[in-house]
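The values are calculated or read from the model by the stated rules, or taken from the named source; none is laboratory data. This structure is a prediction, so every number in the text was calculated from the model and none was measured. In this analysis, Cβ positions are derived from the backbone assuming ideal geometry, glycine residues included, and neighbour counts consider all displayed protein chains.
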Amino acid sequence: MSELVNYGCVKVEVRRAEQALAALKAKGLIAKAKPKRENDKLKIPVLDLLKASSTLSGLGIESEPCEDLFEPSRPSGIPKEIGLSSFIKIGNIVIFSRSSGVPFDAYVRAAQAVTRIYPRLESVFLKVGTVGELRLPQLVLLYGSGSTLTRATENGLHFLVDVAKTYYNPKLAGERLRVSKEVSEGELILDMFAGVAPFSITAASAARCEAVAVDVNPYAAYLAARNVALNARRLKGKVTVMWADSRTLPDVLEGEFDRIIMNNPTSVLDFIGPACALAAKGARLHVYILTGDESTALDLVASTALKYCGSVKPIGVHRVLEYSPSQNIYSVELLVKA
């Protein structure tokens, strides 16, 4: 069986699948992987979620953004013990995540194989761990110049990313688009762990909202500000970037936020107190948490939010990413102070 690849996708009704496939193929938007059926829907892997959704909408075909693992439509050439699902591509850089028991020379061969798939790559790295308070990746160069600064594109937007000094995960492109479609005109949004600001910028590209993108990493905040300028023509709303520790936000921010995005899966429960202090009545919290199952994710987030927010109404929970064989990152959505 082929190794699986993670792609953003659009989910359409099977009865409209043939028309959807033809339209997306004509635009060159279908990824090199096999669509898969889920009940009465077909998941189609795509290269640009925003363009794919827009193309289908123009034809009157309803679609939902999604993300899943797909069987590649052609052999990867990557050693079987590593597999395509073990790397991410950010702009013209590829990063493999090290697995225990896999010899280093297998990653060297994998780097050679991936450069045949993506011949314009600048660098290929092996991530061997994380270091420091900012949990920055430890990277070993496998191929190329060693440059760590690149420009990633997702949902029609562009993001400057330094893969060694900032956090950015292209596998969250579908989640960012999903959240942006929920945003209403005039919303005030707080992005507490913004990184280079893809959540905030995607939201502001979808609606006339105001987003405050916060990160404790000064270089991430710098690149976030550059990304706001880079995407200025695509933005309907406004994005303000702050370099700050989110624990201090209740002391420095004024106003009540309608939507708060909390993408810090390993430590997010420590920040629900500050989030509740800044939440408006009926605010929606998007809390991303690393745990073993949906039920545990919902229980942990809801019970902590109840302690600080006073009232909590769960809206939904779903798996966003696989982190390890036993743990996933889940999105828990709550209405607070309702």
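What to note about this one:
Here's the yes/no breakdown for (1) among the small types (Gly, Ala, Ser); (2) surrounded by 20 or more Cβ atoms within 10 Å (Cβ to Cβ); (3) under 28 Å from Glu64 (Cβ atoms):
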{"residue": "Val124", "(1), (2), (3)": "no, yes, no"}
{"residue": "Ala152", "(1), (2), (3)": "yes, yes, yes"}
{"residue": "Leu157", "(1), (2), (3)": "no, yes, yes"}
{"residue": "Lys171", "(1), (2), (3)": "no, no, yes"}
{"residue": "Val183", "(1), (2), (3)": "no, yes, yes"}
{"residue": "Leu188", "(1), (2), (3)": "no, no, yes"}
{"residue": "Thr202", "(1), (2), (3)": "no, yes, yes"}
{"residue": "Ser205", "(1), (2), (3)": "yes, yes, yes"}
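- Residue pairs whose Cβ atoms lie under 8 Å apart, separated by 6 or more positions or on different chains, with the first residue in region 235-250 and among the hydroxyl-bearing types (Ser, Thr, Tyr) and the second in a loop (DSSP other than H, G, I, E, B) and buried (at least 20 other Cβ atoms within 10 Å of the Cβ), are Ser246/Met192; Ser246/Phe193.
- When residues of region 281-312 are limited to those that are of a type in the set (D, E, K, R) and surrounded by 14 or more Cβ atoms within 10 Å (Cβ to Cβ), the one farthest from Glu256 (Cα to Cα): Asp293
- Members of region 12-59 found to be of a type in the set (Val, Ile, Thr), surrounded by 17 or more Cβ atoms within 10 Å (Cβ to Cβ) and assigned to a helix (DSSP H, G or I), listed by number: Thr55
- Qualifying residue in region 297-307 (condition: in a loop (DSSP other than H, G, I, E, B) and not assigned by TED's automatic domain parsing to the domain that holds Cys66): no
- Flag for Lys165 being at pLDDT 95 or above and surrounded by 15 or more Cβ atoms within 10 Å (Cβ to Cβ): yes
- Among the residues of region 141-150, those that are of a type in the set (A, V, I, L, M, F, W, C) and surrounded by 15 or more Cβ atoms within 10 Å (Cβ to Cβ) comprise Leu142, Leu149.
- Top-ranked residue of region 228-267 - restricted to ones that are small (Gly, Ala, Ser) and surrounded by fewer than 15 Cβ atoms within 10 Å (Cβ to Cβ), ranked as farthest from Glu210 (Cα to Cα): Ser267
- Subset of region 126-139 (residues that are surrounded by 13 or more Cβ atoms within 10 Å (Cβ to Cβ), aliphatic (A, V, I, L, M) and either closer than 15 Å to Asp162 by Cβ or without any contact (Cβ under 8 Å) to a residue 24 or more places away in the chain (or both)): Leu134, Leu136, Leu139
- Hey, Asp48 acidic (Asp, Glu) and in contact with a Ser or Thr (Cβ under 9 Å, 6 or more places away or on another chain) or not: yes
- Of the strands (runs of 3 or more DSSP E) that lie entirely inside region 153-241, those containing 3 or more residues that are under 24 Å from Val10 (Cβ atoms) span 157-162.
- Qualifying residue in region 321-336 (condition: under 15 Å from Asp191 (Cα atoms), aliphatic (A, V, I, L, M), surrounded by fewer than 21 Cβ atoms within 10 Å (Cβ to Cβ) and modelled with pLDDT of 95 or more): no
- Residues in region 308-320 include none that are in a loop (DSSP other than H, G, I, E, B), over 17 Å from the mean Cα position of the chain (by Cα), at pLDDT below 95 and of a type in the set (A, V, I, L, M).
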